[in-house]
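Below is one structure, written out as structure tokens, with a few remarks after it.
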């Protein structure tokens, strides 16, 4: 039996004061799926992602990445995940290649393998001429490319992208879409969160919506766009219904 890329069972995350940010959600994402994870601000998306990656401690429930429990076997599970966060959580004074080298070293890649992997990613994301440029001097679009390259440097099985095209111009946005489609075609499992619903509609094969800490819709993209509806129209209908 092939293990799913991600299994979440009855996940609960409570913060101090009994605030329940994620309220008993369950999801199974098969390997190779391009999965859209949507919801309003504060709905529980980022908290769920933080639980997957170990940034937030799970209150109850289980999360497994490729069959590996993220609490019991944190180190092994973490090597299977690459994340490109919405915020630029990097040393902005560091050169591009050094940012990638540091993360590759963190995941245990030896020097020769790190160098080889970095060269592949610099070429793939058209970053070769910026290899020695400090991160702070890059445009917003190229910063996004570096964040994506960093997420991929250890060749993870599951890639989580949190608003990967935020602040990117139209041309670079389409270029990033091409990279993401290629990764998915190569077998990578991708979880995408985005407020650009046209982006999710173009890229994802399945979509789930979280609202007020609960999954309120989950199904193939076609279920959300049938009868001539756009994803945006259906999304607004679902989220407004569940907040009224």
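Taken together, the values in this text are just the output of simple stated rules run on the coordinates, not laboratory data. Values in this document were obtained by computation on a predicted structure and should not be read as measured data. Cβ coordinates were reconstructed from backbone atoms using ideal geometry, including for glycine residues, and neighbour counts include every protein chain displayed.
For the chain, modelled as a GNM whose springs connect Cα atoms under 10 angstrom apart, the maximal fluctuation among 36, 54, 66 occurs at 54. Projecting label points 7 angstrom from Cα along Cα→Cβ for residue 19 and residue 177 puts them 3.6 nm apart.
Note on residue 62 and residue 202: the extension gain reaches 47.3 nm, defined as 0.36 nm multiplied by sequence separation minus the Cα-Cα distance. Provide the percentage of antiparallel DSSP beta bridges, counting only those with both residues in the chain; round to the nearest 5. Antiparallel: roughly 60 percent of the beta bridges in the chain. If you take the Cα centroid of segment 223-241 and the Cα centroid of segment 130-169, the two points sit 30 Å apart.
According to the Cα-based calculation, Rg over Rh for the chain is 0.97, with Rh computed by the Kirkwood formula.
Listing 154, 137 from fewest to most neighbouring C-beta atoms within 10 Å gives 137, 154.
A Förster radius of 41 Å combined with the Cβ-Cβ distance from residue 225 to residue 94 puts the calculated FRET efficiency at roughly 0.45.
Taken over segment 84-155, the convex hull of the Cα atoms encloses 77 Å³ per residue. For the chain, adding -39500 (n - 2.57) for each run of n ≥ 4 DSSP H residues and dividing by the number of residues yields -11000 deg cm²/dmol at 222 nm.
Neighbour counts of other Cβ atoms within 10 Å put 188, 221 in the fewest-to-most order 221, 188.
Between residue 124 and residue 102, full extension at 0.36 nm per residue minus the direct alpha carbon distance yields a gain of 6.0 nm. By the count of other C-beta atoms within 10 Å, a proxy for reagent exposure, 132, 230 are ordered fewest to most as 132, 230. Measuring nothing but how far apart in sequence close Cα pairs (under 8 Å, 6+ apart) lie, relative to its length, the chain scores a relative contact order of 26 percent. The equivalent ellipsoid that matches the C-alpha gyration tensor of segment 20-111 spans semi-axes of 26, 18, 13 angstrom, in descending order.
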